[in-house]
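Take this structure, written in structure tokens, and hold onto it; I'll ask about it next.
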Amino acid sequence: MTLFSKEDGKKQAVARGVRRTSSRRAGALQPFAHLRCLVARGRQLDVIGQVELLNSFARLREDLTVLTWASHVLEVVDATARDGEQGGSFPLLLATLHLLIEGGDPELTVRAFELRHLSAAGFEPELSVCCRCGGPLGDHGELRFNPAEGGAICATCGRTVGGAPLRRGVLAAMLYLKDADIRQVGRLFASNRDRAELEALLRVYLEFHLDRPLRSLTFLDTLRKEGGR
Amino acid sequence: MLPAGVTRLIRELTRLPGVGPRTAQRMVFFLLARPPADTRSLAEALVQARERTCECSVCCGLTEGDPCSLCSDPRRDPGSICVVEHPADVVAVERTREFNGRYHVLHGAISPLDGIGPEDIRLAQLLRRVKEGGCREVIVATNPSVEGETTAMYIARLLKPSEVQVTRPASGLPAGSDLEYADQVTLSRALQGRKEI
């Protein structure tokens, strides 16, 4: 299984005997679980010994949509973290999972997570100045968002570079979600259109940098098609 | 060093779950030490099982005849369908002798993290069965793991518009176990699902 810790980042380890019904660790060694565990260095893979469950985040399992958002969060961490690197995003991951079970706004929480995690992982989108010319984004003309260029594009550069349209309200929402206290992101007023655009822009940005589609979001699309967000 | 046929057999056996090169080698030497008739019998059993076994067109379980013996048994209640992840789970539920309905085998569970969606398991077949009518209750006996819970919630969501009751087996302490050694998740679920005595 894959562990993610503050000190050691992403780590692959095996938990022997965990599939047995008598295993005391089976309930704890589940996705999303916050653990304190003893990991012994192995020749090929490290071995998980004692496990203390700090939070199972069991309430995630009560709502399919929230569970899917949480899966997306783990998927992004797993895709961006490299074995052996420090887990700088660990407190952010923990805070995000707490907010998801506490019944906050799951969509905005996940958007805030994505923006902050991208920054921590070295993929921060440029939102303050034009990432093409380095000039101000200005108050007039249509802005663009281009993952290959690294973020927002001013109206002048946008004519030649291209990218998805970026409304100034959505840009302001992105800046707020990136910088405000994550516990306060639910206070942001975002219309359904703003939310859809935020999600689409960040999804394209993440998929461009990860170089693969996000599986959890594909499942979320299925859920939405069948009704109920 | 070893004859080509032996090396090939070792390589083929290592493709089995839980079998590494050393275990495979031990198995091959054991088989070579047995009388040829034993090895032939094993080979025939393997080929026969693979060739004769198919998926039941009703429950998607494994069978030699279609529909399977469980689906064609008139004594079993067609109004109750127990949904399980794998064919082996049917055997586990049958051993309890507590269930007299029919089964549906999904051959997996939804796992957004692994990219396994509803279209990758036998969910469409379950929906078709429920829509055909005659079903009162669907018992979602998928594993109490995140993937199993995701699948259960998804099935409940899909079947909500129909009048079919969707239930989930209770989860709690295993019989004969010790409370002191129960993990926190199991124990908290057991407390949530407590019954008056």
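Which of (1) at pLDDT below 95; (2) over 30 Å from B:V166 (Cβ atoms); (3) not hydrophobic (A, V, I, L, M, F, W, C) does B:D120 not meet, given it meets every other one?
(2)
Go through the stretch A:75-92 and report how many residues are within 11 Å of the chain's Cα centre (by Cα) and surrounded by fewer than 21 Cβ atoms within 10 Å (Cβ to Cβ).
Final tally of qualifying residues: 5.
Filter the stretch B:91-131 for residues that are in contact with a Leu (Cβ under 9 Å, 6 or more places away or on another chain) and farther than 29 Å from A:S216 by Cα; which is most open to solvent (accessible area, probe 1.4 Å)?
B:E94
Among the residues of the stretch A:166-190, write down those that are open to solvent by less than 40 Å² (accessible area, probe 1.4 Å) and part of a loop (DSSP other than H, G, I, E, B).
A:A180, A:L188, A:A190
Out of all the residues in the stretch A:16-54, which are touching a Gly at 6+ places or on another chain (Cβ under 6 Å) and within 13 Å of chain B (Cβ to nearest Cβ)?
A:S23
Considering only the stretch B:46-90, state which residues are of a type in the set (S, T, N, Q) and open to solvent by 50 Å² or more (accessible area, probe 1.4 Å).
Within the stretch B:46-90, B:Q48, B:S57, B:S69, B:S72 qualify.
The conditions are (1) facing chain A (nearest Cβ under 10 Å); (2) surrounded by fewer than 18 Cβ atoms within 10 Å (Cβ to Cβ); (3) out of contact with any Leu (no Cβ under 6 Å at 6 or more places or on another chain), and B:G148 fails exactly one of them. Which is it?
Answer for B:G148: the failing condition is (2).
Okay, moving on. Inside the stretch A:101-116, can you point out the residues that are open to solvent by less than 10 Å² (accessible area, probe 1.4 Å) and either farther than 20 Å from A:L220 by Cα or touching a Pro at 6+ places or on another chain (Cβ under 8 Å) (or both)?
Of everything in the stretch A:101-116, just one residue is open to solvent by less than 10 Å² (accessible area, probe 1.4 Å) and either farther than 20 Å from A:L220 by Cα or touching a Pro at 6+ places or on another chain (Cβ under 8 Å) (or both), namely A:L115.
Being open to solvent by 20 Å² or more (accessible area, probe 1.4 Å), within 14 Å of chain B (Cβ to nearest Cβ) and not in a loop (DSSP other than H, G, I, E, B): is that true of A:R59 here?
It is true that A:R59 is open to solvent by 20 Å² or more (accessible area, probe 1.4 Å), within 14 Å of chain B (Cβ to nearest Cβ) and not in a loop (DSSP other than H, G, I, E, B).
The values are calculated or read from the model by the stated rules, or taken from the named source; none is laboratory data. This is a predicted model, so every value here is computed, not measured. Virtual Cβ from ideal backbone geometry, glycine too; neighbours counted across all protein chains shown. The protein model used for the area step is the full one, side chains on, heavy atoms only, and it has no ligands, DNA or RNA in it. Shrake-Rupley method; radii C 1.70, N 1.55, O 1.52, S 1.80 Å.
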